[in-house]
Amino acid sequence: ALLCESGGYDRVVVETVGVGQSEVVVAGLVDMFVLLVPPGAGDGLQGIKRGIMELADLVVVTKCDGALKPVAKAAAQDIRAALSVLRPRDAAWAPRVITSSMHDPGSAAAVADVIEEFRATMGRAGALRARRAEQAVSRVWEHARADVLHRLGGMPGVQALIGELAASAAAGSMPYSRA
């Protein structure tokens, strides 16, 4: 995403494979986090990984057509109810929930409209700038941690010491938090 943005693209879509941790990482890199949810994903909201819905700026319930239309509408209502008790990521924006169907030409436009509304609202409030600043600070700390660990790992005796501490923790003779 950062490479594409530095190349001059003002809109970049980042898709994840949906395993949970990757979404958390991506949410820390993007301006807007859009969560796509199929209707009937598991038993109600239990099909949505905990923690990911809290990151969403927009939830799109997909496949809202044919026999799945009532299921998709019910899923969207359940998600709206769940989001109503969660604290929004930003005071300037309350997460939205919409339905979509690839058979409805207006669906893509509806998603695009919410994305543009998000950009305008967050931009006016200065929240987009603040989100990007927080992301930049996080990236600096991530790079600093990685650099420190890399340098520490290259110091003589450190790998041996860590190996000994890890063996003690694995054997149960020392709690890993103390190691």
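The values are calculated or read from the model by the stated rules, or taken from the named source; none is laboratory data. Note that this is a predicted model, so its numbers are computed, not measured. Here the Cβ is made from the backbone with ideal geometry for all residues, glycine too, and neighbour counts use every protein chain on show. Areas reflect the complete protein model, heavy atoms only, side chains present, ligands, DNA and RNA absent. Shrake-Rupley method; radii C 1.70, N 1.55, O 1.52, S 1.80 Å.
Only one of the numbered conditions (1) surrounded by 14 or more Cβ atoms within 10 Å (Cβ to Cβ); (2) assigned to a helix (DSSP H, G or I); (3) in contact with a helix residue (DSSP H, G or I) (Cβ under 6 Å, 6 or more places away or on another chain) is not met by residue 131, and that is (3).
Filtering segment 103-116 to residues that are open to solvent by 70 Å² or more (accessible area, probe 1.4 Å) and without any contact (Cβ under 8 Å) to a residue 12 or more places away in the chain leaves 105, 108, 113, 116. Close contacts from segment 162-178, counting a first residue that is without any contact (Cβ under 8 Å) to a residue 12 or more places away in the chain and a second that is open to solvent by 60 Å² or more (accessible area, probe 1.4 Å) and not aliphatic (A, V, I, L, M), with Cβ to Cβ under 8 Å and a gap of 6+ residues or different chains, come to 169/175; 169/176. Each residue in segment 167-177 was checked for being in a helix (DSSP H, G or I) and surrounded by 10 or more Cβ atoms within 10 Å (Cβ to Cβ), and 4 of them qualify.
Quick grid of which residues meet (1) in contact with a helix residue (DSSP H, G or I) (Cβ under 8 Å, 6 or more places away or on another chain); (2) under 14 Å from residue 32 (Cβ atoms):
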position	(1), (2)
99	yes, no
102	no, no
105	no, no
113	no, yes
117	no, yes
124	no, no
139	no, no
146	no, no
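The sole residue among 164, 142 that is more than 20 Å from the chain's Cα centre (by Cα), surrounded by 11 or more Cβ atoms within 10 Å (Cβ to Cβ), assigned to a helix (DSSP H, G or I) and of a type in the set (D, E, K, R) is 164. Taken over segment 60-102, the criterion of being part of a strand (DSSP E or B) and open to solvent by 60 Å² or more (accessible area, probe 1.4 Å) is satisfied by 96 alone.
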